[in-house]
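Note sheet for the following structure.
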Amino acid sequence: MGAETPAVPRRTAFAFAALMLCLFAIAFIRRLSIDESQYVAATALTARGLLPYRDFAYLQTPLQPFVFAPLQWLLAGHLLLSIRLANALLGSATMVLVYGAARRAGAREGAALAAAGMLTTCQSFTWSVGVARNDMLPAALMMAGLWMIARDRRWLNPFGGGVAFGLAASAKISYAVPAAAVFLGGLWTRDADERRRFLAFAAGVAVGLIPTFIVAALAPHAFVTEAIVFPATAPSQYYTEVGKAWRLGSDRFVRLIAVAAVGPALIASIEVALASWMAPRAWSDDPLRRILLAASLGGLVSAALNKPFQIFYLLPALPPLFVLAALFLSADHKWPRSRKGVWGLSVAAGLVPPLAWSVHAVGTGNMPAVDAEHSAAAVGAALHAAHVEGPVAALASQFVADSGAEIDPRFAAGPFLYRTAGFVSAEQAREWHIVTRDQAGSLTDRPPAAIVTGMYPDAQPEQEMELASQAKSLGYAPMVNAAGFTMWKRRP
């Protein structure tokens, strides 16, 4: 099915080192995202010994907070930046694994390096690698699984690959779709040995899902509501409520294509699709190419299923796509200049967003990740000066985590769960440690030591004003302002 990975030439090692430095730079200069609040909060709370679903709301499958919890133990006060840097490291690992899998599959060294490098210029990849979200851990795990499957060694490697895919789905549920596609792709053969290999793959996936099963078993109803029902229904309800229902229809497919076009993902997918169409037997009869096609198509399906489509949803399709692109580029082609130009322009298009971030950082003299740490320190100083002791409620939990204050677990999901109405009952909100804008009863039962609101980068003003209004109605008064945040403390 594959071969051992050949030794890495020195020039390739230098190229990878340069690309890794670029990815680490993105972690500093990428602007803040509203999505980061829940992942920073979940990591900080898990580091304190709390569990997703049982002790706080978490809107994903549960692996990432456990993997990243040591960052809070080692680098308290720098959690946002350290998660970003960890994602840059995982992005670098994904890039190297694309190269390794391509070489094991028989790609030429130059083609494998080019494909791995082009992956890092895709908009979905550069967006995901620079924020404190849960995109890069499952991408690296999936690619580790494909790298193991590429080895031609009995059933143990597909089993290990299945474990990696299962862990990827334990970090982000959308990776269950590529895992299922790989399993079906492995069974799409008359070779009985090959089918047995992918039964071992399925067993490995089940093992990789064990962390999810264990944590979910502690609070099964909360898990189903938060990790499955919420992603399936709440975004559609919210976009309809704010008058953007048009983003839930065919617009999402247009956006998917547009994101693929910012970078070489679109041209790579067209070239691979044409190559497999022109020589179907050569691709379908090759077990590894069939598996890679299945993984990429599974990632594409998972991206298309999301309503609305967001940039990061395309990421699962990209790593296996660029392994296939390396195999395509390894074939002897006599390309006209126009074809080479299209590839060159696609790569150039992918470089535009990170270059824009760089220009903005240099022009303003500010780096968003460092600025966020300064803001968190200002929040911490203000809370200390106000003699706040105890949990602090905020929709921007990433700033509270790095301020040194204790996060109120009821706000762990950031603005995403808070902005819902009618999603949970009052009883469920209390039982599952949730506060939504229409279910704030537990705030009256157990008032937080302070409430923090503000107009920070990428905030949702209407949600911040709603929380400020609730603070006022509960008898909190604005005590101090710092770095764009208002600290509300309960009146004596």
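Here, each number is a calculation from the coordinates, and none is a lab measurement. Computed from a predicted model, the values in this text were never measured in an experiment. Ideal geometry is used to build each Cβ from the backbone, glycine not excepted, and the neighbour counts take in all protein chains shown.
By a straight-distance test (C-alpha under 15 Å), which aspartates and glutamates pair with K334 as possible cross-link partners, with residues fewer than eight away in the same chain excluded?
Within reach: E271.
Using only Cα atoms, find the angle between the long axis of helix 337-364 and the longest principal axis of the chain, and express it within 0 to 90 degrees, rounded to the nearest 10.
Approximately 20 degrees, to the nearest 10.
By its C-alpha gyration tensor, with a ≥ b ≥ c as the square roots of the eigenvalues, how is the chain shaped: rounded for a/c under 1.5, else prolate for a/b larger than b/c, else oblate?
Note, shape of the chain comes out prolate.
Under the rule of -39500 (n - 2.57) per DSSP H run of 4 or more residues, summed and divided by the residues of the chain, what mean residue ellipticity at 222 nm is obtained, to the nearest 500 deg cm²/dmol?
Helix-only estimate at 222 nm: -20000 deg cm²/dmol.
List S358, S442 from most exposed to least, where exposure is judged by having the fewest other Cβ atoms within 10 Å.
Ranking S358, S442 by Cβ neighbours within 10 Å, fewest first, gives S358, S442.
At a Förster radius of 56 Å, what calculated FRET efficiency corresponds to the Cβ-Cβ distance of A217 and V370, to the nearest 0.05?
0.85
On a 0 to 90 degree scale, rounded to 10, what angle separates helix 79-104 from the longest Cα axis of the chain?
The helix 79-104 is inclined about 10 degrees to the chain.
To the nearest 20 Debye, how big is the dipole of the chain about its Cα centre, given +1 on the beta carbon of each Lys and Arg and -1 on that of each Asp and Glu?
Using only the charged Cβ atoms, the result is roughly 1200 debye.
Between A17 and R339, with labels modelled 7 Å along Cα→Cβ, what's the label distance in nm to one decimal, could you check?
3.6 nm
So how do S276, S250, S473, S302 line up by other beta-carbon neighbours within 10 Å, fewest first?
S250, S473, S276, S302
Sorted by packing (mean other beta-carbon atoms within 10 Å per residue), highest first, where do 395-408, 314-327, 175-188, 15-28 land? Walk me through the numbers before you get to the answer.
Working: 395-408: 26.6, 314-327: 29.4, 175-188: 22.1, 15-28: 17.9.
Final packing ranking: 314-327, 395-408, 175-188, 15-28.
Once phi is turned into θ = phi - 60°, what whole-Hz ³J(HN,Hα) does the Karplus curve with 6.51, -1.76 and 1.60 give for every residue of the stretch 312-321, x standing for Gly and Pro?
6, 5, 7, 3, x, 7, 7, x, x, 4
Any idea what angle helix 156-171 forms with the longest principal axis of the chain, computed on alpha-carbon atoms, 0 to 90 degrees, nearest 10?
Result, in degrees: 30.
Rank G341, Y238, F411 by how far each Cα sits towards the positive end of the charge dipole of the chain (+1 on Lys, Arg Cβ; -1 on Asp, Glu Cβ) and give me just the farthest.
G341
Setting aside same-chain residues fewer than 8 positions from K172, which aspartates and glutamates have a Cα under 16 Å from its Cα?
In chain and number order, the partners are D35, E36, D135, E226.
Any idea what the relative contact order of the chain is, in percent, if you count C-alpha pairs under 8 Å spaced at least 6 apart? Numbers along the way, then the final one.
Values: 894 pairs, mean separation 100.0, N = 492.
Relative contact order here is 20 percent.
What spacing in nm lies between the two simple spin-label points modelled at V301 and A356, each 7 Å away from Cα in the Cβ direction?
So the label points at V301 and A356 sit 3.3 nm apart.
Gap in Å between the Cα centre of the stretch 199-267 and the Cα centre of the stretch 327-356?
Each part's Cα centre sits 30 Å from the other's.
For K307, which aspartates and glutamates qualify as cross-link partners when the Cα separation must be under 12 Å and same-chain residues fewer than eight apart are set aside?
K307 reaches D251.
Just want the ordering: R104, R337, R437, from fewest to most Cβ atoms lying within 10 Å of their own Cβ.
So the residues, fewest neighbours to most, are R337, R437, R104.
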